[in-house]
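One structure below.
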Amino acid sequence: MNGVLRVQTFVLGIAQTNNYLISDENSKEAFLIDAGEGIEAYIPEFTTLKLKMVLLTHAHFDHIAGLSALKESFDVPVYIHPAEADWLHDPQKNGSGWWPGISPVIAPPPDGTIDEKNVFEFAGRNIHILHVPGHSPGSLAYRIDNVAFVGDTLFHGSIGRTDLPGGDAIVLTQSIRETLYRLPDDTIIYPGHGPQTTIGWEKAHNLYVRA
């Protein structure tokens, strides 16, 4: 029998990036969405659980800077969309090479690449993978039960920026309208930055992309 799904949020790094630890209270299985700078401070939280995998929403530096430290403590597979697999070890592609004062991020390679054809099983549930390009070409969202982790695609009352290399405003709008807005209105959205929201609220109130 499935236990209650628990979502813990860790806000990390210079960009105040949301990282999410999702766990099942019965099985103690868990997975992590993104691994920003400083994620190692929360390793004691992970050791009480059975950490199964890390799912990356995309490969900008603020979402991957903690991967090396995490992999030193856990032999856990990391997955990303194939369009951004080589961004992990390339500071120019992951953005850490653009910003003064930020150390170049060179993360370990992924253990696998995934897209919308893949489905992961987690504690008796399915994790559905949604390809939502626009903020970046390999942006992914992950839906489990009535929640979705959408990275930097959709925010509370806003949308992801598209002025970075590989960004595309038209594609981002299509991803939101044709993929995220087709989820049930009561789907809880956990974004890469800022507070959570729901699909129904964004369809009614988001000034950047209306339903």
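Remarks
- Residue in region 167-207 that is surrounded by the fewest Cβ atoms within 10 Å (Cβ to Cβ), counting only those that are in a loop (DSSP other than H, G, I, E, B) and free of Cβ contacts under 8 Å to residues at least 40 places away in the same chain: P184
Per-residue answers, yes or no, for (1) β-branched (V, I, T); (2) at pLDDT below 95:
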{"position": "G157", "(1), (2)": "no, no"}
{"position": "L164", "(1), (2)": "no, yes"}
{"position": "D185", "(1), (2)": "no, no"}
{"position": "T197", "(1), (2)": "yes, no"}
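- Some residue of region 62-71 being among the small types (G, A, S), surrounded by 24 or more Cβ atoms within 10 Å (Cβ to Cβ), closer than 22 Å to P137 by Cβ and under 12 Å from the mean Cα position of the chain (by Cα): no
- Flag for G200 being in contact with a strand residue (DSSP E or B) (Cβ under 8 Å, 6 or more places away or on another chain) and closer than 25 Å to I22 by Cβ: no
- In region 61-77, the residue that is farthest from H135 (Cα to Cα) out of those that are part of a helix (DSSP H, G or I) and in contact (Cβ under 8 Å) with a residue 40 or more places away in the chain is S68.
- Put simply, of P100, P108, P82 the only residue that is surrounded by fewer than 22 Cβ atoms within 10 Å (Cβ to Cβ), more than 30 Å from N2 (Cβ to Cβ), modelled with pLDDT under 95 and out of contact with any Pro (no Cβ under 6 Å at 6 or more places or on another chain) is P100.
- Annotation: of all residues in region 78-115 being touching a Ser or Thr at 6+ places or on another chain (Cβ under 7 Å) and assigned to a helix (DSSP H, G or I), the one that is farthest from G66 (Cα to Cα) is P82.
- Residue among F46, F10 that is of a type outside the set (D, E) and at pLDDT below 95: F46
- Scan of region 141-161 for residues that are under 20 Å from A59 (Cβ atoms) and surrounded by fewer than 17 Cβ atoms within 10 Å (Cβ to Cβ), ordered by number: R161
- Selection over region 1-60 of residues that are among the hydroxyl-bearing types (S, T, Y), assigned to a strand (DSSP E or B) and over 22 Å from N94 (Cα atoms) gives a count of 2.
The values are calculated or read from the model by the stated rules, or taken from the named source; none is laboratory data. Source: prediction; values computed, not measured. A quick note on method: Cβ atoms are made from the backbone with ideal geometry, for glycine too, and the neighbour counts reach across all protein chains shown.
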